[in-house]
Amino acid sequence: MENNSNGNKFINFWKNERSRSIVFLIFWIVFIIWVYVSIAIPYQKGNYNSNNVLVDEGNNEQTEIEELSFEDLKTSLLKYNFDYTYTVNTSEGKVIYKGTMLGNETIGYKESAQGIERYIVRGVKIYKNQLGEITEQYDKTVNVYNGYLSVDKIMELLEGKDYIQSDNQYDFQIDNVYVKILVSEYNISSIEIIEGDNSYLLQFDNVNEIKEL
């Protein structure tokens with residue numbers, strides 16, 4: 001009797017138009033929630049990731065636009081505003097030059113097997129600095145503006161020459177002279193020159209940040 005009573009209640013409930021409407025409404029609410037969870041949310045996530053990729057690609061493009069050309073990098077270094085360390089290896093031995101350049105003035109020292117020589121360069125004149133005593137020096141071997149120690153001479157050598165670029169590295173092969181230039185951020189950080197058994201490594205720091213000597 002109890003089962004019949006429950007069955008009659010269900011039949012009566014289902015015959016009621018309002019009751020059926022409530023059931024269908026609940027069914028549609030559940031269906032809409034399922035559609036939203038299974039389709040709408042994944043789509044929004046995919047669209048968000050796609051937008052992020054576009055933004056990143058836009059940023060990369062902007063970075064490329066702002067990237068300095070090789071000519072700009074050369075011009076920047078030719079201002080002679082930097083700290084430097086030049087390491088030279090030849091048949092005569094190893095020599096290290098270290099100091100600061102600001103325009104046509106330089107202070108620094110030369111270190112070799114003969115010891116350490118402190119010098120000052122002002123224009124075309126070189127002065128020896130020994131224990132604070134400044135005297136003009138006619139031995140030009142400490143001149144850091146000559147040969148492969150001169151940024152001007154190096155850039156003249158590279159003028160109009162083809163190079164291979166790989167990320168932040170530029171490689172030149174000019175007859176028997178190999179030149180490798182490395183760029184860090186917005187400036188040339190080093191120039192390496194190899195000619196036969198001789199090698200020259202010019203390293204630059206604080207480019208265009210020197211205010212005074």
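Counting only residues that are in contact with a helix residue (DSSP H, G or I) (Cβ under 8 Å, 6 or more places away or on another chain) and outside any strand (DSSP E or B), the stretch 175-198 holds 1 of them. Filtering 171, 175 for residues that are acidic (Asp, Glu) and on the phi > 0 side of the Ramachandran plot leaves a single hit, 175. Among the residues of the stretch 129-168, not one is open to solvent by less than 80 Å² (accessible area, probe 1.4 Å), among the polar types (S, T, N, Q), at pLDDT below 85 and more than 21 Å from residue 103 (Cα to Cα). Can we say residue 179 is open to solvent by less than 80 Å² (accessible area, probe 1.4 Å) and among the β-branched types (Val, Ile, Thr)? Answer is yes for this residue. Exactly one residue out of 157, 213, 201 is in a helix (DSSP H, G or I), more than 12 Å from residue 77 (Cβ to Cβ) and hydrophobic (A, V, I, L, M, F, W, C): that is 157.
With respect to residue 120, determine if the residue is among the hydrophobic types (A, V, I, L, M, F, W, C), in contact (Cβ under 8 Å) with a residue 60 or more places away in the chain, over 18 Å from residue 152 (Cβ atoms) and surrounded by 15 or more Cβ atoms within 10 Å (Cβ to Cβ). Spelling it out, it is not the case that residue 120 is among the hydrophobic types (A, V, I, L, M, F, W, C), in contact (Cβ under 8 Å) with a residue 60 or more places away in the chain, over 18 Å from residue 152 (Cβ atoms) and surrounded by 15 or more Cβ atoms within 10 Å (Cβ to Cβ). From the list 96, 116, 126, the lone residue that is at pLDDT below 90 and part of a strand (DSSP E or B) is 126.
The values are calculated or read from the model by the stated rules, or taken from the named source; none is laboratory data. What you see is a predicted model, and the numbers here were worked out from it, not measured in a lab. A quick note on method: Cβ atoms are made from the backbone with ideal geometry, for glycine too, and the neighbour counts reach across all protein chains shown. When the accessible area is computed, the model is the full protein with side chains, heavy atoms only, and any ligands, DNA or RNA have been set aside. Shrake-Rupley method; radii C 1.70, N 1.55, O 1.52, S 1.80 Å.
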